[in-house]
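Only the coordinates and a few stated rules stand behind these numbers; no lab work does. Since the structure is predicted, the reported quantities are computational estimates derived from the model, not experimental observations. When we count neighbours, we look across all protein chains shown, and the Cβ atoms used for this are built from the backbone with ideal geometry, even at glycine.
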Amino acid sequence: MINGLIILHKMNISMKKSIFLFICACCIVVLPQCSKVVYSDDEDYTASIIPIDPLFDYSSIAFIARITHNSADWSLCVMDKSGNNMQKIVDMTVSCQKPVRSHCGTKLLFTAVKFDYWNDENNTFHSSYEYGLYVINTDGTGLTLIDRIDQTESGSFGASDWSPDNNHIVYVKYTFYTDRIEDKDLILYNISNNKHTILKTEGRVCSPKFSPDGKQIAYCTSVENNHRIYKMDINGKNNQLIISNGASPKWSPQGDKIAYSSSGEAGSSQIFVANADGSNQRQQTHTISPQRWPGPWAPDGNGNPQWTPDGSRIVYVSHENEKSEIFIMNANGSNQTRLTKAEFQDNDPEITPCGKYILFSSVRSEMIGGGNPGILIMTLDGKNQRVLSRTGIYPIACK
């Protein structure tokens, strides 16, 4: 998304309608499954499967899906861990972004969007929109507004994260202007006193992540399409560049290492791992797709690394077989193993807190509409793949 925002500035778009269309286009380019239009009917969205292991101790799975009849709007949904009792938990249209679960497992952070369209007396089309960053309990109670971008502004919310103690939220807020460069704020929100603090950063900020001990924040910035990774104390002090060519940092569970994405052969996206101070940078993946697509955001290489809870392995998405598929490797890059064989594409891997299962989205002919994604689960070795919902993306285990 951050690359899309850079292009937005260069295009010097001044109309809200154009900004809205561009943001939608970014979602389509970066997340192909977000562009799938589902016109749902009265079918059952879930599939009957065998019971999940009791060690999978989270009681529900949250995700976003298009479940409104004759609508492409996304809804925030939950279902039980066996894939039954799916329901929408908030009566709002949500952005095509991954919800973020609190560490206590009972709350979700998400972005909602409200659009308004009209023609004036000259039959000229106009549009406006309002974004809100919200927290909600997984049972649908306790809806709380964290921040908003109203209809008099232009902008969006980027990536966000919860602190390990559940007391803080860090998020990215973009605001666009017609006469100057956009603001790109990294904001720390204190839940207990409702205080927002803008943390000083360099460049267009993206992908903030709290360290496992909650004392530091790693994040990336983009300046003229060059991504860099920084880290700072939670109070914004000791801001330091640690990786000069990298994006999307992911702390290891022990906090001693950071996995990230960077350029590999022929500009392909590859997974790297470095020490938490940026030293000992090592490229872990090297494969690229045998088919090359045009454009700067074309799918290729490897990305989206997710650490297992014990820090010994990394689950990731690879395009080495042309289609996106889910792989696993040891933390040192050895024993790279394909877990899924995609009919069309497999994405959004999310390791359950017990470390035994991987939730993911998959586009298969058995899903609603055929070419649209649904939610699946499998064991960490790729076995026992089972459909939980025949529609949806971005699954997260919750309580």
* **Computed E for ASP213/THR152 - FRET, C-beta separation, R0 41 angstrom, nearest 0.05** => 0.55
* With each label point set 7 Å from Cα along the Cα-Cβ vector, what nm distance links GLN283 and ASP116? -> 5.1 nm
* Structure fact -> Rounded to whole angstrom, the alpha-carbon centroid of the stretch 217-292 lies from that of the stretch 186-212 at a distance of 18 Å
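Please sort by residue number the trypsin sites (Lys or Arg not before Pro) in the stretch 146-249 whose DSSP state is loop and whose Cβ has at most 15 other Cβ atoms within 10 Å.
Listed in order of number, the matching sites are ARG180, LYS200, LYS215, LYS237.
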* Dipole moment magnitude, nearest 20 debye, the stretch 310-399 about Cα centre, only Lys, Arg, Asp, Glu C-beta charged -> 280 debye
* Structure fact -> Output for the stretch 154-224: chymotrypsin sites (Phe, Trp or Tyr not before Pro) sitting in coil per DSSP, at most 15 other Cβ within 10 Å, listed by number, reads TYR177
* Asked: Under a point spin-label approximation (7 Å from Cα along Cα-to-Cβ), what is the SER334-PHE125 distance to one decimal in nm?
  -> 5.7 nm
* May I ask you to compute the full-extension gain from ASN84 to SER244, defined as 0.36 nm times their residue separation minus their alpha-carbon distance, rounded to one decimal in nm? => 53.0 nm
* How much net charge surrounds LYS98 when only other residues with a Cβ under 9 Å from its Cβ are counted (Lys, Arg +1; Asp, Glu -1)? -> -2
* Structure fact -> Computed about the Cα centre, the charge dipole of the stretch 214-257 from +1 Lys/Arg and -1 Asp/Glu charges at the Cβ has a magnitude in debye, to the nearest 20, of 120 debye
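Taking neighbour counts of Cβ atoms within 10 Å as a proxy for exposure, in what order, fewest first, do TRP307, TRP118 appear? Intermediate values should be presented prior to the final figure.
Working: TRP307 23, TRP118 9.
Ranked by crowding around the Cβ, least crowded first: TRP118, TRP307.
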* Structure fact -> Going fewest to most other Cβ atoms within 10 Å around each Cβ, LEU380, LEU76, LEU339, LEU145 line up as LEU145, LEU380, LEU339, LEU76
* Unit charges on C-beta of K, R, D, E only; dipole of the stretch 249-399, Debye -> 320 debye
* How would you rank HIS196, HIS168, HIS69, going from fewest to most other Cβ atoms within 10 Å of each one's own Cβ? -> HIS69, HIS196, HIS168
* All other residues with a Cβ under 11 Å from the Cβ of GLU325 taken together, and with Lys, Arg as +1 and Asp, Glu as -1, what is their net charge? -> -1
* Mean-position separation - Cα centroids, the stretch 78-138 and the stretch 325-351, in angstrom -> 29 Å
